[in-house]
Amino acid sequence: MTDSRDTNEWQQCAPGDLGRVASTLRARRTRREALAVIGKAAAAVAVIVVAVLGVQYIQHQPAGGDMDFGGISCSEVGELSADYLAGRLAPDVADKFEEHLKKCPMCRESIEDLRHQQSAAVPTDTAWSGGRQGQRLFAGIAD
């Protein structure tokens, strides 16, 4: 049995082979370095974005944890929610209320839950005023 290493001998490289290998290795190193720089830059941008969002969150959150969006706080939204759903808020307060709901997902979810509970509590064969829209509807029926 002969050793395969004995029969295989080194062969000379064709002209330019080593140059191509070196060029390929340099290109790989350049790509690897560029990806490292891009990764570090992306991490820095992510940290900055989180910091800015955190500052904005803190600025909108008073010491008691009551968020203030649209010139009205979450506790005020809670206090006014029944009047809002009944359509009894003054137009300027209703505008502030709706602006708050656009920006505060917790209050928006609470109002949607209240609407759902309200609609589930009203039998389908019972007329419900529905605020301003309902008043207009019933005014048309009474005529």
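The values are calculated or read from the model by the stated rules, or taken from the named source; none is laboratory data. What you are looking at is a predicted structure, and each value in this text was computed from that prediction instead of being measured. Quick reminder, even Gly has a Cβ in these numbers, built from the backbone with ideal geometry, and neighbours come from all protein chains shown.
A few notes on this one:
- Restricting the first member to region 96-110 and to residues that are more than 15 Å from E79 (Cβ to Cβ), and the second to residues that are in a helix (DSSP H, G or I), the beta-carbon pairs closer than 6 Å and six or more apart or on different chains are R108/L101.
- Sole residue being under 23 Å from the mean Cα position of the chain (by Cα), closer than 16 Å to R108 by Cα and part of a helix (DSSP H, G or I), chosen from V77, V45, V55, V50: V77
Conditions (1) closer than 30 Å to S119 by Cβ; (2) surrounded by 10 or more Cβ atoms within 10 Å (Cβ to Cβ); (3) at pLDDT 90 or above, marked per residue:
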position	(1), (2), (3)
M1	no, no, no
Q11	no, no, no
V21	no, yes, yes
G39	no, yes, yes
L80	yes, yes, yes
F97	yes, yes, yes
